[in-house]
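I have placed the structure first, in the form of structure tokens, so that the comments after it can refer back to it.
The values are calculated or read from the model by the stated rules, or taken from the named source; none is laboratory data. All of these numbers come straight from a predicted model, not from anything done at the bench. Positions of Cβ are backbone-derived with ideal geometry, glycine not excepted, and every protein chain shown enters the neighbour counts.
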Amino acid sequence: MQRLFLTLPTPAENVALDEALLDWAEEEGSQQEFVRIWESAETFVVAGRSSRVALEINRPECGGRRIPIVRRSSGGAAIVAGPGCLMYAVVLSYQVRPELRDIGRAHQFVLGRIVDALTPFLEHVGNPDRAGTSDLVLIDRIAGAPARKFSGNSMRAKRTHFLYHGTLLYDFDLASIESCLLMPPRRPDYRGARPHRDFVMNLPLGREQLTAALDAAWPTTGELTDVPMSRVENLVATRFGQASWNHEFA
């Protein structure tokens, strides 16, 4: 597995790079695997592949604040990202890990690794755990409060590889989630009717600690230096930079 620590200038380019790495792995070699870590300097909204923008995103608020909306190719609901939200993506090979063709096992495998890597950093405050289909939450074992979400994740499967990517909130403006997102039409049971402000949280960790946890979760053999930028440019031009794609289900 190779590591890429790279943030591109725009939200569209950053969403495209995850997809480009998946496409590249499909074409270049059945055992190619990558982990990417990045963090946007700009607040933006990412809609899920089948998200209905009008039902999940407060478009007037985003328009008034000039917050871009980009649609990813993976599933799940809309999220808000930006400074204080560390993003990760792993591209994994089905030849190396054939058991992960089972989607449930893929969720369990990826999120389980991240939980195990975060646990030593969070022993003083609570227990990280999986919840819902693909959320990560922190359970306050002292106060006994309801689990709060600090990470949302989604996946996209292709023929030889799959992309699994998500968020890790640590110093994010949580008010932006409340203002940019509507209450999602589908909610996991553990959330109940809690509004965003009572449901999401920042981890009490710094960026360096989170990066160290991701490095522990995904050991690598070296840095990826040959970045598929031509693929990124093509994906932005044909998909992620186009209103017809980003607002497809508006």
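Counting only helices (runs of 4 or more DSSP H) that fall entirely inside region 1-105 and contain at least 1 residues that are of a type in the set (S, T, N, Q) and modelled with pLDDT of 95 or more, the qualifying elements are 11-28.
A quick yes/no check of all residues on (1) buried (at least 18 other Cβ atoms within 10 Å of the Cβ); (2) basic (Lys, Arg); (3) more than 16 Å from residue 212 (Cα to Cα):
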{"residue": "88", "(1), (2), (3)": "yes, no, no"}
{"residue": "93", "(1), (2), (3)": "yes, no, yes"}
{"residue": "98", "(1), (2), (3)": "no, no, yes"}
{"residue": "115", "(1), (2), (3)": "yes, no, no"}
{"residue": "127", "(1), (2), (3)": "no, no, yes"}
{"residue": "133", "(1), (2), (3)": "no, no, yes"}
{"residue": "140", "(1), (2), (3)": "no, no, yes"}
{"residue": "144", "(1), (2), (3)": "no, no, yes"}
{"residue": "149", "(1), (2), (3)": "yes, yes, yes"}
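The set of residues from region 41-52 being crowded, with 20+ Cβ neighbours inside 10 Å and either of a type in the set (Gly, Ala, Ser) or farther than 28 Å from residue 211 by Cβ (or both) comprises 47, 48, 51. Pairs are defined by a Cβ separation below 9 Å, a sequence spacing of at least 6 or placement on different chains, a first member in region 167-190 that is free of Cβ contacts under 8 Å to residues at least 60 places away in the same chain, and a second member that is part of a helix (DSSP H, G or I) and among the polar types (S, T, N, Q); no pair meets this definition. For region 222-237, the candidate set comprises residues that are in contact with a helix residue (DSSP H, G or I) (Cβ under 7 Å, 6 or more places away or on another chain) and either modelled with pLDDT under 95 or of a type outside the set (Lys, Arg) (or both); within that set, the residue that is nearest to residue 11 (Cα to Cα) is 236. Exactly one condition in (1) within 17 Å of the chain's Cα centre (by Cα); (2) over 14 Å from residue 153 (Cα atoms) is false for residue 91; which is it? Residue 91 satisfies all of (1) within 17 Å of the chain's Cα centre (by Cα); (2) over 14 Å from residue 153 (Cα atoms) except (2).
Conditions tested, residue by residue: (1) modelled with pLDDT under 95; (2) under 22 Å from residue 16 (Cα atoms); (3) buried (at least 16 other Cβ atoms within 10 Å of the Cβ); (4) in contact with a strand residue (DSSP E or B) (Cβ under 7 Å, 6 or more places away or on another chain).
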{"residue": "175", "(1), (2), (3), (4)": "no, no, no, no"}
{"residue": "189", "(1), (2), (3), (4)": "yes, no, no, no"}
{"residue": "197", "(1), (2), (3), (4)": "yes, no, no, no"}
{"residue": "207", "(1), (2), (3), (4)": "no, no, no, yes"}
{"residue": "220", "(1), (2), (3), (4)": "no, no, no, yes"}
{"residue": "239", "(1), (2), (3), (4)": "no, yes, yes, no"}
